[in-house]
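The values are calculated or read from the model by the stated rules, or taken from the named source; none is laboratory data. Computed from a predicted structure; not experimentally measured. Quick reminder, even Gly has a Cβ in these numbers, built from the backbone with ideal geometry, and neighbours come from all protein chains shown. Each accessible area value is taken on the protein alone, full model and side chains, heavy atoms only, with ligands, DNA and RNA left out. Shrake-Rupley method; radii C 1.70, N 1.55, O 1.52, S 1.80 Å.
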Amino acid sequence: MYRYIGNKTKLLPHIMSRINEMIGQGGTVADVMAGTGSVALELKKQGYSVVASDVMTYTYHHLVTNLQLGGFPAFAGVKIKGETCDSETPYKSILEYLNALKPKESFFFREFSPEGKPLNGSPSRKYFTSENAAKIDAIRECINDWIKTESITAKEESLLKHTLIMAVNEVANISGTYGYFLSSFKNNAKNAIKLEPVELYRENSEGHRVMHGFAENLAGLITADLCYIDPPYMKRQYAANYHILETIARGDFPDAAGKSGLRDWWDQHSKLCTKTRGLQSFEKIMTDMHCDRFLISYSEDGLFSLEQLEECFRKIGNVDVMEIDYNRFRSNDSKLPPKLKEYLISVER
Ligand SMILES: C[S@@+](CC[C@H](N)C(=O)[O-])C[C@H]1O[C@@H](n2cnc3c(N)ncnc32)[C@H](O)[C@@H]1O
(Lines give C-alpha, C1' and ligand atoms only; values in the text may rest on other atoms or scores of the structure.)
Protein backbone atom coordinates (compact mmCIF):
# COMPACT_ATOMS: atom_id res chain seq x y z
CA MET A 1 0.00 0.00 0.00
CA TYR A 2 1.15 3.53 -0.85
CA ARG A 3 2.25 5.21 2.40
CA TYR A 4 0.58 8.58 2.10
CA ILE A 5 -0.82 10.74 4.90
CA GLY A 6 -4.58 10.28 4.84
CA ASN A 7 -4.61 7.40 2.29
CA LYS A 8 -8.15 6.01 2.46
CA THR A 9 -7.51 2.43 1.33
CA LYS A 10 -8.59 1.04 4.73
CA LEU A 11 -11.76 3.14 4.84
CA LEU A 12 -12.93 2.30 1.32
CA PRO A 13 -15.81 0.00 2.38
CA HIS A 14 -17.34 2.76 4.54
CA ILE A 15 -16.84 5.47 1.93
CA MET A 16 -18.23 3.37 -0.90
CA SER A 17 -21.28 2.20 1.01
CA ARG A 18 -22.08 5.80 2.00
CA ILE A 19 -21.73 6.97 -1.62
CA ASN A 20 -23.96 4.11 -2.68
CA GLU A 21 -26.61 5.09 -0.14
CA MET A 22 -26.50 8.71 -1.28
CA ILE A 23 -26.64 8.32 -5.09
CA GLY A 24 -27.09 4.63 -5.85
CA GLN A 25 -24.93 2.48 -8.14
CA GLY A 26 -24.19 4.82 -11.05
CA GLY A 27 -23.52 8.45 -11.90
CA THR A 28 -20.61 10.86 -11.77
CA VAL A 29 -18.53 11.30 -8.63
CA ALA A 30 -15.90 13.99 -8.18
CA ASP A 31 -12.88 13.30 -5.96
CA VAL A 32 -11.22 16.69 -5.72
CA MET A 33 -8.39 15.92 -3.28
CA ALA A 34 -7.62 12.53 -4.71
CA GLY A 35 -4.05 11.93 -3.43
CA THR A 36 -2.93 8.42 -4.34
CA GLY A 37 -6.21 7.88 -6.20
CA SER A 38 -7.37 5.04 -3.95
CA VAL A 39 -10.98 6.31 -3.77
CA ALA A 40 -11.07 7.36 -7.43
CA LEU A 41 -9.89 3.89 -8.50
CA GLU A 42 -12.48 2.14 -6.34
CA LEU A 43 -15.19 4.37 -7.83
CA LYS A 44 -14.02 3.33 -11.30
CA LYS A 45 -14.09 -0.33 -10.25
CA GLN A 46 -17.64 0.05 -8.99
CA GLY A 47 -18.83 1.50 -12.29
CA TYR A 48 -19.04 5.22 -11.55
CA SER A 49 -17.79 7.98 -13.87
CA VAL A 50 -15.06 9.86 -12.06
CA VAL A 51 -13.79 13.43 -12.16
CA ALA A 52 -10.59 13.45 -10.11
CA SER A 53 -8.14 16.17 -9.23
CA ASP A 54 -5.53 17.29 -6.72
CA VAL A 55 -3.12 20.17 -6.40
CA MET A 56 -0.03 17.93 -6.55
CA THR A 57 1.48 16.93 -9.92
CA TYR A 58 2.40 13.37 -8.86
CA THR A 59 -1.26 12.77 -8.09
CA TYR A 60 -2.15 13.79 -11.64
CA HIS A 61 0.06 10.99 -13.03
CA HIS A 62 -1.37 8.43 -10.57
CA LEU A 63 -4.90 9.43 -11.57
CA VAL A 64 -4.32 9.30 -15.33
CA THR A 65 -2.81 5.83 -14.96
CA ASN A 66 -5.46 4.47 -12.61
CA LEU A 67 -8.52 6.01 -14.26
CA GLN A 68 -7.79 6.53 -17.93
CA LEU A 69 -5.62 3.60 -18.98
CA GLY A 70 -7.67 0.62 -20.09
CA GLY A 71 -4.54 -1.17 -21.32
CA PHE A 72 -0.83 -0.53 -21.68
CA PRO A 73 0.00 1.98 -24.42
CA ALA A 74 2.07 1.04 -27.49
CA PHE A 75 5.10 3.33 -26.95
CA ALA A 76 5.22 3.40 -30.75
CA GLY A 77 7.34 6.55 -30.83
CA VAL A 78 10.20 5.19 -28.75
CA LYS A 79 13.24 3.82 -30.52
CA ILE A 80 15.47 1.50 -28.51
CA LYS A 81 18.87 1.00 -30.16
CA GLY A 82 17.40 2.44 -33.36
CA GLU A 83 14.49 -0.03 -33.35
CA THR A 84 10.84 0.88 -32.83
CA CYS A 85 9.52 -0.66 -29.66
CA ASP A 86 7.12 -3.08 -31.34
CA SER A 87 7.29 -6.17 -29.18
CA GLU A 88 4.21 -7.92 -27.77
CA THR A 89 4.76 -6.19 -24.46
CA PRO A 90 6.11 -2.70 -25.16
CA TYR A 91 5.63 -1.43 -21.58
CA LYS A 92 7.74 -4.28 -20.18
CA SER A 93 10.43 -3.69 -22.84
CA ILE A 94 10.52 -0.01 -21.96
CA LEU A 95 10.94 -0.83 -18.25
CA GLU A 96 13.72 -3.31 -19.03
CA TYR A 97 15.45 -0.61 -21.06
CA LEU A 98 15.08 1.98 -18.29
CA ASN A 99 16.20 -0.49 -15.60
CA ALA A 100 19.36 -1.21 -17.60
CA LEU A 101 20.36 2.43 -18.18
CA LYS A 102 23.84 3.46 -17.09
CA PRO A 103 23.57 5.42 -13.80
CA LYS A 104 24.09 9.17 -14.17
CA GLU A 105 25.51 11.31 -11.37
CA SER A 106 23.21 14.27 -11.85
CA PHE A 107 20.57 16.17 -9.81
CA PHE A 108 19.27 13.40 -7.49
CA PHE A 109 22.82 12.12 -6.92
CA ARG A 110 24.05 15.62 -6.06
CA GLU A 111 21.12 16.70 -3.87
CA PHE A 112 19.72 13.53 -2.30
CA SER A 113 22.52 10.98 -1.89
CA PRO A 114 25.41 10.58 0.58
CA GLU A 115 28.09 10.97 -2.10
CA GLY A 116 26.49 14.14 -3.44
CA LYS A 117 27.52 17.70 -2.65
CA PRO A 118 24.35 19.83 -2.42
CA LEU A 119 24.58 23.09 -4.31
CA ASN A 120 23.61 25.16 -1.25
CA GLY A 121 26.56 23.81 0.74
CA SER A 122 24.45 21.70 3.11
CA PRO A 123 25.87 18.37 4.29
CA SER A 124 25.03 15.53 1.91
CA ARG A 125 21.52 14.10 2.24
CA LYS A 126 20.53 10.46 2.54
CA TYR A 127 17.13 10.08 0.86
CA PHE A 128 18.59 7.41 -1.45
CA THR A 129 21.78 5.40 -1.70
CA SER A 130 24.18 6.98 -4.19
CA GLU A 131 23.62 4.09 -6.62
CA ASN A 132 19.83 4.48 -6.51
CA ALA A 133 19.98 8.27 -6.84
CA ALA A 134 22.16 7.95 -9.95
CA LYS A 135 19.73 5.37 -11.39
CA ILE A 136 16.80 7.72 -10.75
CA ASP A 137 18.74 10.49 -12.52
CA ALA A 138 19.31 8.29 -15.57
CA ILE A 139 15.65 7.26 -15.75
CA ARG A 140 14.33 10.78 -15.18
CA GLU A 141 16.55 12.25 -17.87
CA CYS A 142 15.62 9.54 -20.35
CA ILE A 143 11.91 10.22 -19.78
CA ASN A 144 12.61 13.97 -20.16
CA ASP A 145 14.36 13.31 -23.50
CA TRP A 146 11.41 11.25 -24.74
CA ILE A 147 9.03 14.08 -23.78
CA LYS A 148 11.24 16.71 -25.48
CA THR A 149 11.51 14.73 -28.70
CA GLU A 150 7.77 13.95 -28.57
CA SER A 151 8.58 10.22 -28.58
CA ILE A 152 5.99 9.46 -25.89
CA THR A 153 2.38 10.56 -25.51
CA ALA A 154 1.03 12.35 -22.43
CA LYS A 155 -0.53 9.10 -21.16
CA GLU A 156 2.74 7.20 -21.69
CA GLU A 157 4.52 9.93 -19.72
CA SER A 158 2.01 9.55 -16.87
CA LEU A 159 2.38 5.77 -16.83
CA LEU A 160 6.20 5.99 -16.71
CA LYS A 161 6.20 8.64 -13.98
CA HIS A 162 3.63 6.69 -11.96
CA THR A 163 5.81 3.57 -12.31
CA LEU A 164 8.96 5.46 -11.31
CA ILE A 165 7.29 6.99 -8.24
CA MET A 166 6.04 3.56 -7.09
CA ALA A 167 9.62 2.22 -7.41
CA VAL A 168 11.11 5.25 -5.64
CA ASN A 169 8.70 4.75 -2.70
CA GLU A 170 10.13 1.24 -2.23
CA VAL A 171 13.72 2.43 -1.73
CA ALA A 172 13.32 5.86 -0.11
CA ASN A 173 15.24 6.21 3.15
CA ILE A 174 12.46 7.94 5.05
CA SER A 175 10.04 7.23 7.86
CA GLY A 176 6.70 7.77 6.19
CA THR A 177 7.04 11.10 4.41
CA TYR A 178 9.76 12.86 2.43
CA GLY A 179 9.92 15.72 4.94
CA TYR A 180 13.34 14.49 6.04
CA PHE A 181 15.65 11.50 5.50
CA LEU A 182 16.85 8.95 8.06
CA SER A 183 20.38 9.30 9.42
CA SER A 184 21.37 5.74 8.46
CA PHE A 185 20.10 3.59 5.62
CA LYS A 186 17.26 1.23 6.51
CA ASN A 187 17.17 -2.18 4.88
CA ASN A 188 14.69 -1.58 2.06
CA ALA A 189 16.53 1.63 1.10
CA LYS A 190 19.65 -0.48 0.45
CA ASN A 191 17.88 -2.54 -2.24
CA ALA A 192 18.59 -1.58 -5.84
CA ILE A 193 15.73 0.41 -7.35
CA LYS A 194 13.80 -1.52 -9.99
CA LEU A 195 10.88 -0.38 -12.12
CA GLU A 196 8.15 -3.03 -11.93
CA PRO A 197 5.09 -3.14 -14.19
CA VAL A 198 2.10 -1.69 -12.40
CA GLU A 199 -1.34 -3.25 -12.45
CA LEU A 200 -4.12 -1.59 -14.39
CA TYR A 201 -7.83 -1.92 -13.87
CA ARG A 202 -8.90 -2.25 -17.49
CA GLU A 203 -12.69 -2.15 -17.35
CA ASN A 204 -14.68 1.10 -17.24
CA SER A 205 -11.75 3.22 -18.44
CA GLU A 206 -13.61 5.60 -20.75
CA GLY A 207 -15.05 9.00 -19.90
CA HIS A 208 -13.18 9.78 -16.66
CA ARG A 209 -11.76 13.28 -16.29
CA VAL A 210 -8.47 14.08 -14.55
CA MET A 211 -7.66 17.66 -13.59
CA HIS A 212 -4.78 19.34 -11.80
CA GLY A 213 -5.09 22.30 -9.46
CA PHE A 214 -6.68 23.74 -6.35
CA ALA A 215 -10.20 22.43 -5.75
CA GLU A 216 -11.26 26.00 -4.94
CA ASN A 217 -10.39 26.99 -8.53
CA LEU A 218 -11.64 23.87 -10.31
CA ALA A 219 -14.99 23.49 -8.51
CA GLY A 220 -16.88 25.81 -10.89
CA LEU A 221 -15.78 23.64 -13.84
CA ILE A 222 -17.14 20.41 -12.35
CA THR A 223 -20.62 18.92 -12.60
CA ALA A 224 -21.22 15.77 -10.57
CA ASP A 225 -23.91 13.77 -8.77
CA LEU A 226 -21.74 13.65 -5.67
CA CYS A 227 -18.46 15.21 -4.66
CA TYR A 228 -16.15 13.41 -2.23
CA ILE A 229 -13.80 15.75 -0.37
CA ASP A 230 -10.85 14.29 1.50
CA PRO A 231 -8.95 17.34 2.76
CA PRO A 232 -5.73 17.52 4.77
CA TYR A 233 -6.66 17.19 8.46
CA MET A 234 -3.59 18.87 9.92
CA LYS A 235 -1.26 21.80 9.34
CA ARG A 236 1.24 19.53 7.58
CA GLN A 237 1.40 20.58 3.95
CA TYR A 238 1.52 17.77 1.40
CA ALA A 239 3.72 19.85 -0.91
CA ALA A 240 6.46 19.98 1.75
CA ASN A 241 6.10 16.35 2.80
CA TYR A 242 6.19 14.87 -0.71
CA HIS A 243 8.56 17.34 -2.43
CA ILE A 244 10.69 14.58 -3.95
CA LEU A 245 7.70 12.91 -5.62
CA GLU A 246 6.70 16.32 -6.97
CA THR A 247 10.16 16.77 -8.48
CA ILE A 248 9.92 13.36 -10.16
CA ALA A 249 6.45 14.18 -11.47
CA ARG A 250 7.55 17.54 -12.85
CA GLY A 251 10.88 16.22 -14.15
CA ASP A 252 12.59 19.47 -13.19
CA PHE A 253 15.75 20.54 -11.36
CA PRO A 254 14.64 22.94 -8.61
CA ASP A 255 16.79 24.65 -5.99
CA ALA A 256 17.00 22.24 -3.06
CA ALA A 257 16.88 24.44 0.03
CA GLY A 258 18.05 23.98 3.60
CA LYS A 259 19.26 20.76 5.14
CA SER A 260 16.28 18.74 3.88
CA GLY A 261 16.58 19.84 0.23
CA LEU A 262 13.02 21.11 0.01
CA ARG A 263 11.89 22.61 -3.29
CA ASP A 264 9.97 25.89 -3.24
CA TRP A 265 6.39 24.77 -2.64
CA TRP A 266 4.50 27.99 -1.99
CA ASP A 267 2.51 27.63 -5.25
CA GLN A 268 0.99 24.42 -3.79
CA HIS A 269 0.37 25.70 -0.26
CA SER A 270 -3.09 24.52 0.85
CA LYS A 271 -5.44 26.87 2.69
CA LEU A 272 -7.15 23.78 4.11
CA CYS A 273 -4.10 23.30 6.31
CA THR A 274 -4.77 26.64 7.99
CA LYS A 275 -7.21 27.53 10.76
CA THR A 276 -7.77 30.98 9.26
CA ARG A 277 -8.74 30.06 5.67
CA GLY A 278 -9.77 26.39 5.71
CA LEU A 279 -13.50 26.81 6.28
CA GLN A 280 -13.74 29.46 3.54
CA SER A 281 -12.16 26.97 1.16
CA PHE A 282 -14.76 24.31 1.96
CA GLU A 283 -17.51 26.84 1.43
CA LYS A 284 -16.12 28.03 -1.91
CA ILE A 285 -15.71 24.51 -3.27
CA MET A 286 -19.24 23.50 -2.27
CA THR A 287 -20.86 26.74 -3.43
CA ASP A 288 -19.13 26.80 -6.83
CA MET A 289 -19.50 23.15 -7.81
CA HIS A 290 -22.48 22.06 -9.90
CA CYS A 291 -23.36 19.35 -7.44
CA ASP A 292 -26.01 18.81 -4.76
CA ARG A 293 -24.43 16.09 -2.62
CA PHE A 294 -21.11 16.14 -0.84
CA LEU A 295 -19.34 13.59 1.30
CA ILE A 296 -16.47 14.86 3.42
CA SER A 297 -13.90 12.78 5.30
CA TYR A 298 -12.52 14.28 8.48
CA SER A 299 -10.89 13.18 11.71
CA GLU A 300 -11.54 13.77 15.38
CA ASP A 301 -8.08 15.27 15.84
CA GLY A 302 -8.21 17.47 12.71
CA LEU A 303 -7.68 21.22 12.63
CA PHE A 304 -11.43 21.91 12.85
CA SER A 305 -13.89 20.54 15.40
CA LEU A 306 -16.95 18.66 14.21
CA GLU A 307 -19.10 21.58 15.45
CA GLN A 308 -17.14 24.08 13.33
CA LEU A 309 -17.49 21.90 10.25
CA GLU A 310 -21.21 21.33 10.81
CA GLU A 311 -21.81 25.05 11.20
CA CYS A 312 -19.96 25.73 7.94
CA PHE A 313 -21.69 22.93 6.00
CA ARG A 314 -25.17 23.91 7.21
CA LYS A 315 -24.82 27.03 5.03
CA ILE A 316 -24.82 24.65 2.05
CA GLY A 317 -27.49 22.09 3.02
CA ASN A 318 -28.61 19.35 5.42
CA VAL A 319 -25.78 17.74 7.32
CA ASP A 320 -25.50 14.18 8.55
CA VAL A 321 -22.50 12.66 10.36
CA MET A 322 -21.33 9.06 10.47
CA GLU A 323 -18.59 8.11 12.97
CA ILE A 324 -16.10 5.31 12.35
CA ASP A 325 -13.67 3.97 14.96
CA TYR A 326 -10.25 3.90 13.43
CA ASN A 327 -6.88 2.53 14.58
CA ARG A 328 -4.51 5.42 14.77
CA PHE A 329 -1.06 5.08 13.20
CA ARG A 330 1.30 5.23 16.22
CA SER A 331 5.01 4.85 16.75
CA ASN A 332 5.93 2.37 19.52
CA ASP A 333 6.50 5.02 22.16
CA SER A 334 3.50 7.16 21.25
CA LYS A 335 1.36 8.43 24.13
CA LEU A 336 -1.65 9.10 21.88
CA PRO A 337 -4.75 6.92 22.41
CA PRO A 338 -4.92 3.93 20.02
CA LYS A 339 -8.44 4.63 18.75
CA LEU A 340 -9.55 7.64 16.82
CA LYS A 341 -12.88 8.69 15.35
CA GLU A 342 -13.02 9.24 11.62
CA TYR A 343 -16.04 11.19 10.35
CA LEU A 344 -17.93 10.82 7.11
CA ILE A 345 -20.03 13.96 6.82
CA SER A 346 -22.72 14.14 4.18
CA VAL A 347 -24.21 17.38 2.98
CA GLU A 348 -27.26 17.59 0.74
CA ARG A 349 -28.48 20.83 -0.78
C1 LIG B 1 -6.00 13.27 2.79
S2 LIG B 1 -5.17 13.47 1.28
C3 LIG B 1 -6.19 12.59 0.16
C4 LIG B 1 -5.93 11.12 0.24
C5 LIG B 1 -6.64 10.31 -0.81
N6 LIG B 1 -8.06 10.23 -0.56
C7 LIG B 1 -6.04 8.93 -0.84
O8 LIG B 1 -6.72 7.94 -0.49
O9 LIG B 1 -4.85 8.84 -1.18
C10 LIG B 1 -5.46 15.13 0.90
C11 LIG B 1 -5.04 15.57 -0.50
O12 LIG B 1 -5.53 16.89 -0.71
C13 LIG B 1 -4.64 17.58 -1.54
N14 LIG B 1 -4.97 19.02 -1.35
C15 LIG B 1 -4.77 19.79 -0.26
N16 LIG B 1 -5.33 20.99 -0.43
C17 LIG B 1 -5.91 20.98 -1.65
C18 LIG B 1 -6.66 21.92 -2.38
N19 LIG B 1 -6.94 23.12 -1.88
N20 LIG B 1 -7.11 21.58 -3.62
C21 LIG B 1 -6.82 20.36 -4.14
N22 LIG B 1 -6.11 19.41 -3.48
C23 LIG B 1 -5.68 19.72 -2.25
C24 LIG B 1 -3.28 17.11 -1.09
O25 LIG B 1 -2.33 17.31 -2.11
C26 LIG B 1 -3.54 15.64 -0.77
O27 LIG B 1 -3.21 14.82 -1.85
Query raised in the report: Ignoring any ligand, DNA or RNA, what whole percent of the accessible area of the stretch 1-143 comes from carbon and sulfur when the probe is 1.4 angstrom?
Result: 51 percent
Query - Rg and Dmax of the chain, Cα atoms only, in Å - result: 20.9, 64
Report task. Quickly work out the Tyr2-to-Thr153 label distance, labels modelled 7 Å from Cα along the C-beta direction, and quote it in nm with one decimal. Result -> 2.2 nm
Report summary line: Lys and Arg at +1, Asp and Glu at -1: neighbours of Phe72 with Cβ under 12 Å from its Cβ sum to 0
Query - Helix-derived mean residue ellipticity, 222 nm - over the chain, DSSP H n ≥ 4, -39500 (n - 2.57), to 500 - result: -9500 deg cm²/dmol
Report task. Quick one: compute a quarter of the convex hull surface over the Cα atoms of the stretch 149-274 and quote it in nm². Result -> 11.0 nm²
Query raised in the report: D for the stretch 96-185, whole µm²/s, Stokes-Einstein with Kirkwood Rh over alpha-carbon pairs at 37 °C and 0.692 mPa s: what number?
Result: 238 µm²/s
Report task. With a cut-off of at most 14 other beta carbons within 10 Å, and DSSP calling the residue loop, which trypsin sites (Lys or Arg not before Pro) in the stretch 141-195 qualify? Please list them. Result -> Lys186, Lys194
Report task. Using only C-alpha atoms and all pairs of different ones, pull out the Kirkwood radius for the stretch 39-85 in Å with one decimal. Result -> 12.7 Å
**Report entry** Protein accessible area in the stretch 254-331, 1.4 Å probe - carbon and sulfur %
**Finding:** 45 percent
**Report entry** With Cα atoms, 0 to 90° folded angle of helix 278-288 axis to the chain main axis
**Finding:** 80 degrees
**Report entry** Difference of contour (0.36 nm per residue) and Cα-Cα distance, Glu131 to Trp266
**Finding:** 45.5 nm
Query raised in the report: Cα to Cα, under 13 Å, and not fewer than 8 places away if on the same chain: which aspartates and glutamates meet these conditions relative to Lys8?
Result: Asp31, Glu42, Asp230, Glu342
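Quick one: accessible area per residue over the stretch 207-304, 1.4 Å probe, rounded to a whole number of Å²?
41 Å²
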Query raised in the report: Any idea of the accessible area per residue across the stretch 138-195, 1.4 Å probe, to the nearest Å²?
Result: 44 Å²
Report task. Would you kindly state how much longer the chain becomes between Asn169 and Ser205 on full extension, computed as 0.36 nm times their sequence separation minus their alpha carbon distance, in nm to one decimal? Result -> 10.4 nm
Query raised in the report: Quick one: Karplus J couplings for the stretch 181-190, per residue in order, coefficients 6.51, -1.76, 1.60, θ = phi - 60°, nearest Hz, x for Gly and Pro?
Result: 9, 7, 6, 10, 6, 7, 4, 5, 6, 7
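Filter the cross-link list Lys79/Lys186; Lys45/Lys135; Lys10/Lys271 down to pairs whose alpha-carbon distance in this structure exceeds 28 Å.
Lys79/Lys186; Lys45/Lys135
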Query - Ala74 versus Glu311: modelled label distance in nm, points set 7 Å from Cα along the beta carbon direction - result: 6.0 nm
Query raised in the report: Which residues make up the longest stretch of the chain clear of GluC sites (Glu not before Pro) that lie in a DSSP loop with no more than 11 other Cβ atoms within 10 Å, not counting the sites?
Result: 207-349
Query raised in the report: How much length is gained if the chain between Leu336 and Ser124 is pulled fully straight, taking 0.36 nm per residue apart and subtracting their Cα-Cα distance, in nm to one decimal?
Result: 72.9 nm
